[in-house]
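Asker: Sharing a structure with you now.
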Amino acid sequence: MKKYLISEKGKFYKANLHSHSTVSDGELTPEEMKKLYMDNGYSIIAFTDHNRFVTHNELSDEKFLALNGVENAADEQGKPRFYDRCCDVCYIALSPDRKLHPFQDENNVKGDGEYSPFTPRYCAEDVNAMIETGVKNGFFTTYNHPTWSLENYPIYMSYNGMHAMEIFNFGSSVDGYNEYNCDKYDDMLRGGKKLFCIATDDNHNRAPNTCHWDSFGGFTMIKAPSLKYEDVTAALLRGDFYASRGPIINALWVDTDDCSVHIECEKAVKLVCTRGGRRCRAVFTKEQGVEYLTEVKLSINPTDKYFRITVFDENGLTADTNAYFVDDVIEKFNLDMSKDIYIE
């Protein structure tokens, strides 16, 4: 029997979940961004300008959804510019009715969408307070571009409670950083952190139509019943999405009869299943005798911590599923792992 890891029902909507407009340091107005992204196949933008939570509900219509958000930062002090580390966290409001910055309440409202109640120290205590504040106040909370932020293993492993991390940030990538953070995602997962992964543009649009243009390189495909605000944010909370730099995933499901996981995709040339230890599984077109991989079956092993799947296209670009912890999958779908059929 098929049991879907990404919902069977609904439609995939292409989304940029980290962006900057003229509300902060971007070059395009929110209206210009809407047109540009819709012209390139997007249905959703999360407007996450620096430190300013400004709603853009007026931009939403039957073909486009504006998600309201903000990006906050904890910056290291006393270091030369470009050598100071930072931690940036995006908040995406789960409801269009949210009008206040995550740190605001009705008694401390400031005008024009801007609110800075304190200058967070660059330390785990203050970063975790930022994350906790976002989650508690009804925001989907993400950890952003750790490579650009100069954050290494001990630092990002001290952060807890975020919904997702950026497995890819295109804006940092075009600036020259290796911002495909699959290893950092696996570090967090192996450390027991249960979180999703997203791919974003983090666009500022400062160099249009050049190789430094930071739009359309990282996106998140969200499977939702409709383009209504709450339907999309509920899909985010459920993990009904995948992160991509180009490849398309059409379905991800478990066969409860033989305890296997199946992925359906488009024109893949390689697929890798990462399992939390040294027992990975790579699948190639040559061994399958096909030009492209369009459906691959993989085993679920109860000795694995988790599994996640990366799809590669012929240009070397990737699409990444969220990680699924094996114990959770076994319990959710009541899998019978007493047989030997799961051993590869």
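The values are calculated or read from the model by the stated rules, or taken from the named source; none is laboratory data. Computed from a predicted model, the values in this text were never measured in an experiment. Here Cβ is always computed from backbone atoms with ideal geometry, including for glycine, and neighbour counts include all displayed protein chains. Surface accessibility is based on the protein's heavy atoms, side chains included, excluding ligands, DNA and RNA. Shrake-Rupley method; radii C 1.70, N 1.55, O 1.52, S 1.80 Å.
Asker: Mind jotting down a quarter of the surface of the convex hull over the alpha carbons of the stretch 142-212, in square nanometres, one decimal? Don't jump to the answer; show the numbers that get you there.
Answerer: Numbers: hull surface 18.5 nm².
Hull-based average projected area comes out at 4.6 nm².
Asker: Restricting things to alpha carbons, tell me how big the stretch 192-344 is in terms of Rg and Dmax, in Å.
Answerer: 17.0, 57
Asker: Let me ask something additional. Using a probe radius of 1.4 Å on heavy atoms only, what accessible surface per residue do you get for the stretch 148-191? Whole Å² is fine.
Answerer: 39 Å²
Asker: What are the ³J(HN,Hα) couplings of the stretch 145-160, residue after residue, when phi is run through the Karplus curve with 6.51, -1.76, 1.60 and θ = phi - 60°? Round to Hz, x for glycine and proline.
Answerer: Karplus-based 3J(HN,Hα) across the stretch 145-160 equals 5, x, 5, 4, 6, 6, 9, 10, 3, x, 6, 6, 6, 8, 8, 9 Hz.
Asker: Determine the share of the stretch 1-88's accessible area contributed by carbon and sulfur atoms, expressed in whole percent, with a 1.4 angstrom probe.
Answerer: Summing carbon and sulfur atoms, their accessible area is 48 percent of the total for the stretch 1-88.
Asker: For a quick check of your reading of the filter: which chymotrypsin sites (Phe, Trp or Tyr not before Pro) in the stretch 239-344 sit in a DSSP loop and have no more than 14 other Cβ atoms within 10 Å?
Answerer: Sparse-neighbourhood loop chymotrypsin sites (Phe, Trp or Tyr not before Pro): Y292.
Asker: Can you give the accessible area per residue of the stretch 266-343, in Å², using a 1.4 Å probe?
Answerer: 54 Å²
Asker: Here is a follow-up. Per the helix-only calculation at 222 nm, which mean residue ellipticity applies to the chain, given -39500 (n - 2.57) for every DSSP H run of n ≥ 4 and division by its residues, nearest 500 deg cm²/dmol?
Answerer: Theoretical 222 nm ellipticity from helices: -5000 deg cm²/dmol.
Asker: Using alpha-carbon pairs under 8 Å, 6+ residues apart, how would you state the relative contact order of the stretch 92-216 in percent?
Answerer: Relative CO of the stretch 92-216 lands at 20 percent.
Asker: Of the listed pairs K9/K267; K270/K305; K34/K136, which have alpha-carbon separations greater than 25 Å here? If you can, show how the numbers build up before the last one.
Answerer: Working: K9/K267 23 Å; K270/K305 23 Å; K34/K136 29 Å.
K34/K136, as the Cα separations exceed 25 Å there.
Asker: Based on Cβ point charges of +1 for Lys and Arg and -1 for Asp and Glu, what charge dipole magnitude is obtained for the stretch 208-344 about its Cα centre, in debye rounded to the nearest 20?
Answerer: Working: 16 positive and 22 negative charges, 83 e Å.
So the dipole magnitude of the stretch 208-344 works out to roughly 400 debye.
Asker: Would you work out what percent of the accessible area of the stretch 165-267, with all protein chains in place, is carbon or sulfur (probe 1.4 Å)?
Answerer: Ligands and nucleic acids excluded, carbon and sulfur reach 48 percent.
Asker: Please report, in whole Å³, the volume per residue of the convex hull around the C-alpha atoms of the chain.
Answerer: So the per-residue Cα hull volume is 143 Å³.
Asker: Can you classify the stretch 29-177 as rounded, prolate or oblate using the Cα gyration tensor, where a ≥ b ≥ c are the square roots of its eigenvalues, rounded means a/c under 1.5, and otherwise it's prolate if a/b beats b/c and oblate if not?
Answerer: Because a/c hits 1.5 or more and a/b fails to exceed b/c, the stretch 29-177 counts as oblate.
Asker: Any idea what log10 I(q)/I(0) is at q = 0.16, 0.19, 0.22 Å⁻¹ for the stretch 254-316, Debye with uniform C-alpha scatterers and no solvent?
Answerer: -0.52, -0.72, -0.91
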